[in-house]
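Peer 1: Input: one structure, supplied below.
The values are calculated or read from the model by the stated rules, or taken from the named source; none is laboratory data. All of these numbers come straight from a predicted model, not from anything done at the bench. Quick reminder, even Gly has a Cβ in these numbers, built from the backbone with ideal geometry, and neighbours come from all protein chains shown.
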Amino acid sequence: MVMQNIESQLLLWLPKLVMAIAIFLCFWVISKITQTVLRKGRNRFSLKDPIRSLVSGGAKISILVFGAITALGTLGINVSALVAGLGLSGFALGFALKDTISNLLAGVMILAYQPFDIGDYIVVAGQEGQVIHIDFRYTTLENNEKIILILNSLVFANTVSILRKNE
């Protein structure tokens with residue numbers, strides 16, 4: 001009797017499980033294609049490599065999360081609580097990491113708008129030096145054999161004076 005009940009439940013769940021796996025695999029393929037297009041699209045998108053990598057990775061993760069939620073919904077799982085939990089978790093995580101996210105977004109804006117380039121001699125937030133590196137978190141200056149790391153949120157929020165443009 002118990003074995004028949006398990007078999008009948010398995011027969012009910014098997015088509016849903018196959019469909020959920022197929023849906024997730026479709027989303028996985030779409031995420032791979034999207035990531036490849038965004039990474040290799042050098043001519044179509046005028047984005048620098050770090051920004052292109054960030055955008056392509058974010059798109060891939062977003063598509064996979066959406067695919068997982070869709071697949072779980074296909075299985076008959078109530079995903080409304082999961083979606084609400086993701087929203088609340090995202091809010092809490094965003095609040096906890098607001099300074100880090102601020103630096104990241106400022107780094108993206110600096111790399112996208114390029115107010116100064118590597119090799120330029122700038123003054124920002126009371127510090128001055130030649131720009132030797134720009135990433136998502138810091139802008140790195142060199143002045144008299146001294147390395148200065150300035151948070152990108154400070155660079156973005158303060159006045160930047162370019163004293164010597166790298167030609």
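Peer 1: Is it true that some residue in region 18-33 is under 16 Å from the mean Cα position of the chain (by Cα), surrounded by 11 or more Cβ atoms within 10 Å (Cβ to Cβ) and either at pLDDT below 80 or in a helix (DSSP H, G or I) (or both)?
Peer 2: Taking region 18-33 as the starting set, the residues that turn out to be under 16 Å from the mean Cα position of the chain (by Cα) are 31-32.
Applying the additional criterion that residues be surrounded by 11 or more Cβ atoms within 10 Å (Cβ to Cβ) yields 31-32.
Filter once more, so that each one left must be either at pLDDT below 80 or in a helix (DSSP H, G or I) (or both): 31-32.
Yes, region 18-33 has at least one match.
Peer 1: All but one of (1) farther than 17 Å from Leu111 by Cα; (2) in contact with a Lys or Arg (Cβ under 8 Å, 6 or more places away or on another chain) hold for Asn152; which doesn't?
Peer 2: (1)
Peer 1: Look at Tyr138 and say whether it is at pLDDT 90 or above, hydroxyl-bearing (Ser, Thr, Tyr) and not assigned by TED's automatic domain parsing to the domain that holds Pro50. Full working, then the answer.
Peer 2: Details: at pLDDT 90 or above: no; hydroxyl-bearing (Ser, Thr, Tyr): yes; not assigned by TED's automatic domain parsing to the domain that holds Pro50: yes.
When the stated conditions are applied, Tyr138 does not pass them.
Peer 1: Continuing with this model, one more query. Yes or no: region 69-76 includes at least one residue that is of a type in the set (A, V, I, L, M, F, W, C) and part of a loop (DSSP other than H, G, I, E, B). Break it down into steps so the answer makes sense when it comes.
Peer 2: Step one: list which residues in region 69-76 are of a type in the set (A, V, I, L, M, F, W, C), which gives 69, 71-72, 75.
Then drop every residue that is not part of a loop (DSSP other than H, G, I, E, B), which leaves 75.
Yes.
Peer 1: Quick one: which of Ile147, Ile101, Ile134 is in contact (Cβ under 8 Å) with a residue 24 or more places away in the chain and β-branched (Val, Ile, Thr)?
Peer 2: After ruling out the rest, the residue left standing is Ile134.
Peer 1: I would also like to ask the following. Mind telling me which of the residues Leu149, Leu82, Leu72 ends up being over 17 Å from the mean Cα position of the chain (by Cα), modelled with pLDDT under 85 and surrounded by fewer than 18 Cβ atoms within 10 Å (Cβ to Cβ)?
Peer 2: Values: Leu149 fails: modelled with pLDDT under 85; Leu72 fails: modelled with pLDDT under 85.
Of Leu149, Leu82, Leu72, the one residue that is over 17 Å from the mean Cα position of the chain (by Cα), modelled with pLDDT under 85 and surrounded by fewer than 18 Cβ atoms within 10 Å (Cβ to Cβ) is Leu82.
Peer 1: Pairs, please: C-beta under 7 Å, at least 6 apart or cross-chain, first residue on the phi > 0 side of the Ramachandran plot and in region 55-78, second surrounded by fewer than 17 Cβ atoms within 10 Å (Cβ to Cβ)?
Peer 2: Note: pairs meeting the criteria are Gly76/Lys16.
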